[in-house]
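Input: a single structure, listed below in structure tokens.
The values are calculated or read from the model by the stated rules, or taken from the named source; none is laboratory data. Source: prediction; values computed, not measured. For the accessible areas, the whole protein counts, side chains as well, though only heavy atoms, and no ligand, DNA or RNA atoms are used. Shrake-Rupley method; radii C 1.70, N 1.55, O 1.52, S 1.80 Å.
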Amino acid sequence: MAGILLLAYVVIFLISPKDITDYTVADTEYWRETGNRLMLKTAYEYNSKEALAVFPITLGEWRGFDFKYPDSVYKALNADVLMSRTYVKNNTGFLWIDFINSKVGASFHKQRICLEGAGWHIDNESIAQFNIANDRNPFTKLYANRLDYSKGNEKQIMVYWFMFKKFGSKDDVSMVRLSTQVINNETATFGIMTDFVEGELFKTMYTKAEPDTITVAEDIMKTYGNSGMIAVAMGILIPFGLIFAGVRRKN
């Protein structure tokens with residue numbers, strides 16, 4: 001069984017487009033892929049403060065202002081807060097956005113735990129959906145966790161999602177978190193957040209590159225010549241060897 005699974009994985013990987021390793025998974029969970037995943041290319045390295053230092057301060061009609069949390073917040077997170085910024089749109093809408101990166105799973109515990117610990121009451125927890133292309137199908141939707149919460153007469157909404165590489169050696173995870181205060185009602189406020197994400201943020205954060213037509217296997221053989229051909233062959237033969245060994249042991 002292990003040989004069959006390994007063979008399937010190797011074959012799928014080898015016939016995948018060459019640029020598959022450049023893709024990032026955006027998902028509602030940080031430790032596994034779910035049905036809400038979306039594979040895309042990022043326009044910035046979200047695990048790098050230097051890369052995010054040039055993230056646009058102005059997005060369309062939205063003007064940004066950087067800010068810092070109290071030191072206790074950063075200590076509790078045990079993560080790298082790469083950017084914290086407030087975006088304001090002509091005094092008609094505002095929100096806070098954070099890019100957080102960590103290799104420690106505890107840094108990304110459920111956000112409701114932080115809110116409840118700070119005295120907020122969770123009024124509703126759901127999955128938000130953003131349409132990030134005109135062709136509205138499952139591959140053009142960005143899903144995010146949504147929290148509606150309140151403390152006394154104050155109400156806020158938070159949406160957040162995670163990003164991690166599907167392939168590659170890096171095991172760090174980034175979280176994008178947006179929050180805003182409810183001014184009139186939740187529907188109108190979430191409409192402002194949707195306007196920001198769909199209208200400005202998504203096209204700034206991610207690129208819409210055309211996929212390569214060359215496969216991973218072809219790229220390996222083209223780049224490394226005979227050594228590449230041997231590597232591809234070995235990648236396929238090893239799972240077959242495991243399958244053959246398993247069959248012999250069973251017989």
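Just a few scattered comments:
- Estimated at the nearest 10 Å², the accessible area of S179 is 10 Å² with a 1.4 Å probe.
- If the segment from V73 to V104 were pulled out straight at 0.36 nm per residue, it would be longer than the present Cα-Cα gap by 9.6 nm.
- With the convex hull of its Cα atoms as the shape, segment 55-101 has an orientation-averaged projected area of 3.5 nm².
- Residue-span extension gain [N131 to I57] - 0.36 nm each, minus C-alpha spacing: 24.3 nm
- Heavy atoms of S150 accessible to a 1.4 Å probe, total area in Å² rounded to 10: 20
- Ranking H121, H109 by solvent-accessible area of protein heavy atoms (1.4 Å probe, all protein chains present), from largest to smallest, gives H121, H109.
- Kirkwood radius, segment 46-160, all distinct C-alpha pairs, inverse of mean reciprocal distance: 16.2 Å.
- Built amide H within the under 5 Å cut-off of T42, gap 5+: T24, T207
- In the complete set of protein chains, residue-level accessible area for V54 is approximately 100 Å², probe 1.4 angstrom.
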